[in-house]
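Here, each number is a calculation from the coordinates, and none is a lab measurement. What you see is a predicted model, and the numbers here were worked out from it, not measured in a lab. We place every Cβ from the backbone using ideal geometry, glycine too, and count neighbours over all the protein chains shown.
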Amino acid sequence: MERPLTQHIRPGETLTITDYQKHGGYEGLKAALKMSPKEVQDTVKRAHLRGRGGAGFPTGLKWSFVPIGDDAPRPRYLIANGDEMEPGTFKDRLLVEGNPHQLIEGMIISAYAIQAEIGYVFLRWAYKKGEKIIQKALAEAYEAGLLGKNILGSGFDFDLYLHTSAGRYICGEETALLNSLEGKRANPRAKPPFPQTSGLFGKPTIVNNIETLCNVPHILRNGADWYKKISLSEDGGTKIFGVSGKVKKPGLWELPLGVTLKEVLEEYAGGMQDGLKFRGLLPGGASTDFLTEEHLDIKLDYAGVEKAGSRLGTGTMIVLDDKTCVVGMVLNLEHFFAQESCGWCTPCREGLPWSEKILARIENGQGKMQDLEILEGLTKTLGPGNTFCALAPGAMEPLQSALKYFREDFERHIKEQRCPRRS
């Protein structure tokens with residue numbers, strides 16, 4: 001099984017530029033610089049690379065929306081979204097701390113494909129170790145002539161900088177990220193215009209997730225056909241899947257897209273801890289719908305998880321066991337989302353704290369049956385199309401699916417006027 005993103009990453013170690021080049025590092029960049037920008041875009045399109053940050057939008061197609069040519073606006077920007085604050089998600093941290101040059105090479109190739117002159121790694125504020133690692137790797141890349149003017153004698157110029165996040169979950173939304181990067185309050189922007197034509201400082205901008213960008217060097221070095229073949233799905237490549245919760249071996253594994261949910265849980269995460277039973281999981285971080293035992297045989301790719309009623313998201317699962325209170329779990333998530341709302345639109349600003357208060361009332365034995373109707377109404381009021389960005393709709397996904405699959409738990413809390421899981 002091929003694991004291009006993580007095969008050379010070892011726990012507690014970081015690949016230097018010399019280590020990276022020994023394993024074929026920057027060969028993808030050399031191949032890309034012999035091609036035209038459009039050829040690089042077409043190669044990534046044929047590889048069926050989709051965004052690994054949650055939305056899953058086709059990467060090459062996204063790049064193609066950027067105007068390039070002599071008459072196009074300049075400068076153009078490329079941004080790596082490393083504001084990894086989705087609860088349960090820690091995949092980008094692994095890549096940054098283990099192999100920073102893979103990210104840098106991916107960014108240079110991607111910048112060449114859209115003819116961007118300036119790039120930023122927008123990193124989560126709490127990743128202090130990763131911050132130092134990226135700073136050192138950037139210095140190594142500049143010293144080797146891989147960044148700056150006339151990269152490898154190609155005539156292509158690209159400068160890359162590190163920017164640490166202001167520390168809010170909303171900064172992971174690409175237009176809120178752009179506002180933060182400009183020194184403004186991190187509120188999302190109206191679309192259109194889209195960042196590809198009017199992004200950072202009003203110029204064409206591409207924002208890609210760190211894991212997405214780390215795939216790019218391998219596609220250019222080995223080809224689109226190779227990348228599609230290492231997948232078990234119509235979607236190309238591998239995905240870093242994670243499992244947290246009361247399993248025997250929580251962690252991260254790079255596996256082909258299309259692997260089954262059951263295989264990840266049982267073969268890699270080792271199954272549930274002794275004495276516990278599986279009840280469900282959130283398949284792609286906190287802002288995805290629950291899946292249950294009936295879904296264990298689904299394929300973990302974008303279409304497969306969507307068909308089951310959820311989203312692949314970040315591919316990092318949060319497991320619910322039979323001894324953990326699902327009401328308390330959802331309350332904890334809604335508290336996070338309410339706290340992280342930027343307050344820009346009324347449904348999110350008012351609706352998320354309201355849902356948190358109702359859940360707290362139910363969890364503490366003070367709930368009423370009509371509270372469940374109110375919660376169901378909120379999942380619709382805060383749903384897609386009713387808010388300025390996707391934060392509130394994402395927050396509603398675990399709540400709406402918990403009410404669907406675990407309604408009895410909510411009703412018991414109300415009837416018994418206590419949490420049944422508490423002794």
Estimated vicinal HN-Hα couplings, Hz - region 302-318 in sequence order (Karplus 6.51, -1.76, 1.60; Gly, Pro = x):
5, 6, x, 6, 5, 4, 7, x, 9, 9, 5, x, 8, x, 10, 8, 10
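Starting from the Cα gyration tensor of region 115-154, take the square roots of the eigenvalues, sort them a ≥ b ≥ c, and report rounded, prolate or oblate (rounded when a/c is under 1.5, otherwise prolate if a/b is larger than b/c, else oblate).
Because a/c hits 1.5 or more and a/b fails to exceed b/c, region 115-154 counts as oblate.
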Considering only C-alpha atoms, what is the centroid distance from region 391-423 to region 315-330, in Å?
11 Å
In whole Å, largest first, the alpha carbons of region 152-245 cover along the principal axes 50, 43, 27
Over the chain, what relative contact order in percent results from Cα pairs under 8 Å that are six or more residues apart?
16 percent
So if I place +1 on the C-beta of Lys and Arg and -1 on the C-beta of Asp and Glu, and nothing else carries charge, what would the dipole magnitude of region 326-416 be about its Cα centre? I want it in debye, nearest 20.
120 debye
Over the chain, what is the percentage of antiparallel beta bridges among all DSSP beta bridges, to the nearest 5?
45 percent
Using +1 at the C-beta of Lys and Arg and -1 at the C-beta of Asp and Glu, which of Gly28, Tyr405, Leu331 has the Cα lying farthest in the positive direction of the dipole of the chain?
Leu331
Cβ-based charge dipole, the chain, positive-most Cα from Pro195, Pro58, Leu281:
Pro195
Would you calculate, for the chain, the mean residue ellipticity at 222 nm contributed by helices, counting each DSSP H stretch of 4 or more residues as -39,500 (n - 2.57) and dividing by all residues, to the nearest 500?
-12000 deg cm²/dmol
Among Gly270, Val259, Ile108, whose Cα sits farthest toward the positive end of the charge dipole of the chain (+1 at Cβ of Lys/Arg, -1 at Cβ of Asp/Glu, about the Cα centre)?
Ile108
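What are the chymotrypsin sites (Phe, Trp or Tyr not before Pro) within region 19-99 that DSSP puts in a loop, where the Cβ has at most 10 other Cβ atoms within 10 Å?
Listed in order of number, the matching sites amount to none.
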Choice from Pro217, Pro347, Pro204 showing the highest fluctuation, given a GNM over the chain with Cα pairs closer than 10 Å
Pro347
If you find the alpha carbon centre of region 131-161 and of region 339-361, how far apart are they in angstrom?
43 Å
Please list, ordered by chain and number, the residues whose modelled amide H lies under 5 Å from the amide H of Leu162; skip anything fewer than 5 residues away on the same chain.
Val121
Return the Cα extents of region 264-322 along principal axes one, two and three, sorted largest first, each rounded to a whole Å.
33, 21, 19
What are the residues whose amide H is under 5 Å from the amide H of Arg50, where those residues sit 5 or more places off or on another chain and H is modelled from the backbone?
Thr59, Gly236
Restricting attention to the alpha-carbon atoms of region 308-393, what are Rg (one decimal) and Dmax (integer), both in Å?
13.6, 38
Using only the alpha carbons, work out the radius of gyration and Dmax of region 17-229 in angstrom.
15.8, 45
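So how strong a dipole does the chain carry about its Cα centre when Lys and Arg Cβ are +1 and Asp and Glu Cβ are -1, to the nearest 20 debye? Show your work: numbers first, answer last.
Details: 53 positive and 53 negative charges, 71 e Å.
Taking the Cα centre of the chain as origin, the dipole is about 340 debye.
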